[in-house]
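Beneath this line is the structure, given in structure tokens, with notes to follow.
Each reported figure results from applying straightforward, stated rules to the coordinates on display, with no laboratory input. Please read these numbers as outputs of a predicted model, since none were measured by experiment. Please note: Cβ atoms are built from the backbone with ideal geometry, for glycine as well, and neighbour counts cover all protein chains shown.
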Amino acid sequence: MSEDIINEILELKKQRNAVIVAHNYQVDEVQKIADILGDSFALSRYCASSPHETIVFCGVHFMAESAKILSPQKTVLLPEINAGCPMADMVNAEDIRQLRKIYPNAAVVCYINTTAEVKAECEICCTSSNAVQVIRSLKEKDIIFVPDMNLGNYIARMVPEKNMIIWNGFCITHHRVTSDDVLNARAVHPDALVLVHPECRPDVVDMADFVGSTKQIMDFGAKSEGRKFIIGTEMGVLFRLREDNPDKEFYLLSQGLICPNMKRTKLISVYNALKEMKHRIEIEDSILIRAKSSLDRMMQVV
Ligand code: 13P
Ligand code: SF4
């Protein structure tokens, strides 16, 4: 059955001149058929330069939107239209306009986990892999950062010369992890290194040996001399880590590290997306142009 679907997907992909890109949190079966796998930044960069007419984006809504913003002339499909990011919905465009009134001298930086409308209101965008460089590149001292308070606090500590005004959004999946989870995991695997995503709480980040984006965590696991790792990000990264590093051991920091929205997309969703050319991401021109400038500025910095 799955062989049949895979063959049909490959055939449709040729017919549609399509590429399948997948985020590192996707289910294993989707990761296996993806042409490109990566973190938010790597996937954005790829979509901006991809030669294909159609991009099937296996991830969540803001990621497919970012692909469309960067490649407006292409057809971008999100296989599961209800795959959203709850954190991206914790701030809206009006919130940014209000913040600007309160802090007129501040630059507004949005995490890529935001809607196109929010990106359109901001000076520059960032991802978890380049947030510190992006903030350091700005001339303003006051920085409004939305929506993730945990990433915002992490940046504030890495760039103490800036005055960070941080929105109070959070990722329900990463925010669930506690310092007790780290203590318990270290007690079970005392010789393992702890690698966490900056969307985790500050006390969890403080206890980690390495902090980075999903791709940075995967690169660290591959290159490190260490043999055992406790992984503090969504469980999807375990698939490639284990496949690519069979001589190493990877343990999930907490069983709560699962993003239900990332798990919505299955092989059948990808097949339906290509067969019916759905769900097309469309963004109003006036928003797209302004959102693109905040993503383009990020690409110029890193
Ligand atoms: P990355 O940019 O590290 O892939 O993270 C995206 C995300 O949604 C993390 O929860
Ligand atoms: Fe959003 Fe968190 Fe899921 Fe990432 S893991 S997509 S931040 S809800």
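Remarks
- Rounded to 5, the percent of DSSP beta bridges in the chain classed as antiparallel: 5 percent
- Those Cys residues of the chain for which no other cysteine Cβ falls under 4.7 Å: Cys47, Cys58, Cys85, Cys125, Cys126, Cys171, Cys200, Cys259
- Long pairs among Lys101/Lys162; Lys13/Lys119; Lys14/Lys278; Lys119/Lys275; Lys74/Lys263, criterion Cα-Cα beyond 21 Å: Lys13/Lys119; Lys119/Lys275; Lys74/Lys263
- Top of Gly152, Gly59, Gly169 by mean-square fluctuation, Gaussian network on the chain, Cα under 10 Å: Gly169
- Dividing the helix sum by the residues of the chain, where each DSSP H run of 4 or more adds -39500 (n - 2.57), gives a mean residue ellipticity at 222 nm of -12500 deg cm²/dmol.
- Listing Cys125, Cys85 from fewest to most neighbouring C-beta atoms within 10 Å gives Cys85, Cys125.
- Compactness of region 1-81 as Cα Rg over 2.2 N^0.38 Å, two decimals: 1.02
- Multiplying the residue separation of Leu10 and Ser49 by 0.36 nm and removing their Cα-Cα distance gives an extension gain of 11.9 nm.
- Sites excluded, GluC sites (Glu not before Pro) in DSSP loops with at most 12 other C-beta within 10 Å, longest stretch of the chain: 1-160
- Estimated D of region 129-283 in µm² per second, where Rh is the Kirkwood radius over Cα pairs and Stokes-Einstein applies at 37 °C, 0.692 mPa s: 191 µm²/s
- With both labels modelled 7 Å from their Cα along Cα-to-Cβ, the Ile289 to Ser179 distance reads 5.0 nm.
- Order of Ser71, Ser179 - criterion: other Cβ atoms within 10 Å of each residue's Cβ, fewest first: Ser179, Ser71
- Most mobile of Ser129, Ser49, Ser40 in a GNM of the chain (Cα contacts under 10 Å): Ser49
- Residue-count net charge about Lys101 - beta-carbon cut-off 13 Å; Lys, Arg +1, Asp, Glu -1: -1
- Trypsin sites (Lys or Arg not before Pro) restricted to region 211-256 and DSSP loop, no more than 14 other C-beta within 10 Å: Arg227
- Distance from region 158-233 to region 129-143 (C-alpha centre basis), Å: 21 Å
- Counting only Cα atoms, the chain measures 55, 53, 28 Å along its principal axes, largest extent leading.
- Distance between the pseudo-spin-label points of Asn168 and Gln133 (7 Å out from Cα toward the beta carbon): 3.4 nm.
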